[in-house]
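Reading through the structure tokens given below for one structure.
The values are calculated or read from the model by the stated rules, or taken from the named source; none is laboratory data. Here the structure is a predicted model, which means the values were calculated and not measured. With ideal geometry, Cβ positions are generated from the backbone for all residues, glycine too; neighbour counts draw on all protein chains shown.
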Amino acid sequence: MKNQDLLVIAQEFGSPVYVYDAAKIEKQYKRLTSAFDKVEKLRIYYAVKALSNISVLKLLINMGSGLDTVSIQEVMLGLEAGAKPEIIIYTPNGISLEEIEKAVKLGVQINIDNLSILEQFGTKHPKTPVCIRINPHVMAGGNANISVGHIDSKFGISIHQMPLLKRIVENTGMNINGIHMHTGSDILDIDVFLYASEILFNAAENFDNLEFIDFGSGFKVPYKEGDIETNVEELGKKLSKRFNEFSKKYGKKLTLAFEPGKFLVSEAGQFLVNVNVIKQTTSTVFAQVDSGFNHLIRPMLYGSQHEISNISRPKGRDRFYTVTGYICETDTFANNRRIPEIHEGDILSFHNAGAYCFTMASNYNSRYRPAEVLWYKDKAHLIRKRETFDDIMRNQVIVEL
Ligand SMILES: Cc1ncc(COP(=O)(O)O)c(C=O)c1O
């Protein structure tokens, strides 16, 4: 997508608007599958929570991707997008047995991450194949909120509880067909993946009927020029070798699975906003845009540093701006950022806006959630309309007072 294309999109569909480049998603999908091309059976389950627009799901399903889902609604979205149930894995956390049973009825692969539900489920449905999520107790991930495989994390069944886990499996006679871990997002060092994988291989030896091993995700993507990222190619080489060795020892051709979200869609997304006000105070020059953490919460929630370009004036002289939104609360997207000179009415683009951006948007301040556009085969396709006042009113019940 060129700046000119983005400006036309902002004009045609209005701002703020999310734009996703289908070709970039495809490139990332191919990059990951090529890195693991030495593994005979590979399954990529795209993490739907990263970007759940149904057209994006369709695009990924058409490429051959499966789906990783964390709620029954995501399962339903995946099925609606055309995914066969057998390519959907359902990896919830802290949900009721009833919701898991609903997912079983929809025919998807169940992944259970606590012993209480495992025991209840195994007792009621011993024949249904189940994957188990192990917590390997590895500290990994870009920050505390996205590190989920450490000892204090609520996710997964502790690796130290293996004796109890095995007892439940034996006593219920349940069928464990997969083993899974996900240690966190934004993992830089491939040694962390390899170390945690060894823990998972050891755990896998406790089960005779496995069909797949799911290594979760956590690949770090670059946020700016020269930024470091997970070396997927090197990981592919090293982990594939170990996986093939393990598979041989296990005596069966197992499937290697991953559940990438960010890796597939983060860089494909741009978020376009209009500059409403340039406000110079005694200490700062604010560029205030027609958005806020109601549309893009990652800078405030995780301290994410999204690159910002002035696509209306890319060749302007660099100046320093603090970019904020229009929400009645502090909503700073970037502090003292060097950006080509901004004028009111300019369109700015936030980069890496594909993953965990629209899906975390809300109606805070009773603002509408933005439109979404898919750039596919050199053409812009509207894939979600901007909300209207009817959406704000939907489901509100006015009582006679
Ligand atoms: C279980 C599970 N799998 C996969 C992912 C996707 O992670 P990422 O977006 O870092 O690839 C997540 C993200 O939180 C997750 O919780």
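So here's what we get for this one:
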item	result
Which numbered condition Leu188 fails, given (1) within 16 Å of Glu259 (Cβ to Cβ); (2) within 14 Å of the ligand (Cβ to nearest atom); (3) of a type in the set (A, V, I, L, M, F, W, C)	(1)
The lone exception for Ser362 - which of (1) buried (at least 21 other Cβ atoms within 10 Å of the Cβ); (2) under 21 Å from the mean Cα position of the chain (by Cα); (3) not hydrophobic (A, V, I, L, M, F, W, C) it fails	(1)
Qualifying position, being basic (Lys, Arg) and in contact with a helix residue (DSSP H, G or I) (Cβ under 8 Å, 6 or more places away or on another chain), among Lys224, Lys241, Lys237, Lys249	Lys237
The stretch 230-256 - residue that is part of a loop (DSSP other than H, G, I, E, B) and away from the ligand (no atom under 12 Å from the Cβ) and, of those, nearest to Arg43 (Cα to Cα)	Leu254
Selected residue (criterion: surrounded by the fewest Cβ atoms within 10 Å (Cβ to Cβ)) from residues of the stretch 32-59 that are in a helix (DSSP H, G or I) and either modelled with pLDDT under 95 or under 13 Å from the mean Cα position of the chain (by Cα) (or both)	Lys49
Residue list for the stretch 257-293, filter: within 16 Å of the ligand (Cβ to nearest atom) and in contact with a strand residue (DSSP E or B) (Cβ under 9 Å, 6 or more places away or on another chain)	Ala257, Phe258, Glu259, Pro260, Gly261, Lys262, Phe263, Leu264, Val265, Glu267, Ala268, Gly269
Condition broken by Val221, with the remaining ones in (1) at pLDDT below 90; (2) within 13 Å of the ligand (Cβ to nearest atom) satisfied	(1)
